[in-house]
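Report on the following structure.
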Amino acid sequence: MQTQIVQTNLELIQGDITKAHVDAIVNAANNALVGGGGVDGAIRRAGGDVIENACAEIRSREGGCPTGKAVITTAGNLHAKYVIHTVGPVWEGGNSGEAELLASCYQESLQLAVENGVQSIAFPSISTGIYGYPTEKAALVALTAVKDFSEQSSAAPASVQFVLFDDATYTCYEDALRTLNL
């Protein structure tokens, strides 16, 4: 499923984000930028040690990455040029600023993309795995954040993909896209 938001083509894809042919892949990372499971583990396995080494440099220089923020590294063996690591919020019921922090993940990632000349970017569904964010709520936040960024930035990437691992996640994003009338 796809739609156009100003100059940005937004596409929902069910598949494996490590196989995306884009300029940048977004990683759902943790604050310490150390290897984890889920999307993070898959990206690090596919990209190789160069990603871990780049994250180690960021850890030694900056101490990690705060929730809602993003950092960029090389992509190693992936088809992309870059991996943008962002740290989503842990779901605590929805009254602890989770939506704002999640939106910030997408906005910060897109801003780093613009600053690095990225024209195509692939996102996973951030925070919906072990961080427990309800997928249907996360999808609305994610798509709204991308929509807002694309409408406000003349330099927004030409292509934004949401590469969603399973049927249930894809369906939530498809429903959210319809709800937003995009």
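Read-outs: derived from the displayed coordinates by stated rules, not from any lab. If you're wondering where the values come from, they're calculated on a predicted model, not measured in any experiment. So basically every Cβ, Gly included, is an ideal-geometry build from the backbone, and we count neighbours across all protein chains shown.
A few comments on the model shown:
- Of the DSSP H helices in the chain, not one has a Cα length along its own long axis of 24 Å or more together with a mean Kyte-Doolittle hydropathy reaching 1.6.
- Computed over the alpha-carbon pairs of region 95-182, the distance histogram in 5 Å steps reads 3, 14, 26, 26, 19, 10, 2, 0 percent, short to long.
- Each residue, L180 and R45, gets one label point 7 Å from its Cα in the Cβ direction; the gap between the two is 3.0 nm.
- Local net charge near A113, Cβ-Cβ under 12 Å (Lys/Arg +1, Asp/Glu -1): -2
- Under 5 Å from the amide H of L33 lie the amide H atoms of C65, each residue being 5 or more positions distant or on a separate chain, with H modelled from the backbone and absent for Pro and chain starts.
- Over the chain, dividing the summed -39,500 (n - 2.57) contributions of all DSSP H runs of at least 4 residues by the number of residues returns a 222 nm mean residue ellipticity of -13000 deg cm²/dmol.
- When the P(r) is computed for the chain, the part past 27 Å accounts for 17% of the Cα-Cα pairs.
- Residue-count net charge about W91 - beta-carbon cut-off 9 Å; Lys, Arg +1, Asp, Glu -1: -1
- Legend: ranking of residues K19, K81 from fewest to most surrounding C-beta atoms inside 10 Å; resulting order K19, K81.
- The chain - share of DSSP beta bridges that are antiparallel (%, nearest 5): 35 percent
- Full extension of the segment from E92 to T3, taken as 0.36 nm per residue of separation minus the current Cα-Cα distance, would add 28.9 nm.
- Cα centre as origin, Lys/Arg/Asp/Glu Cβ charges: the chain dipole, Debye: 280 debye
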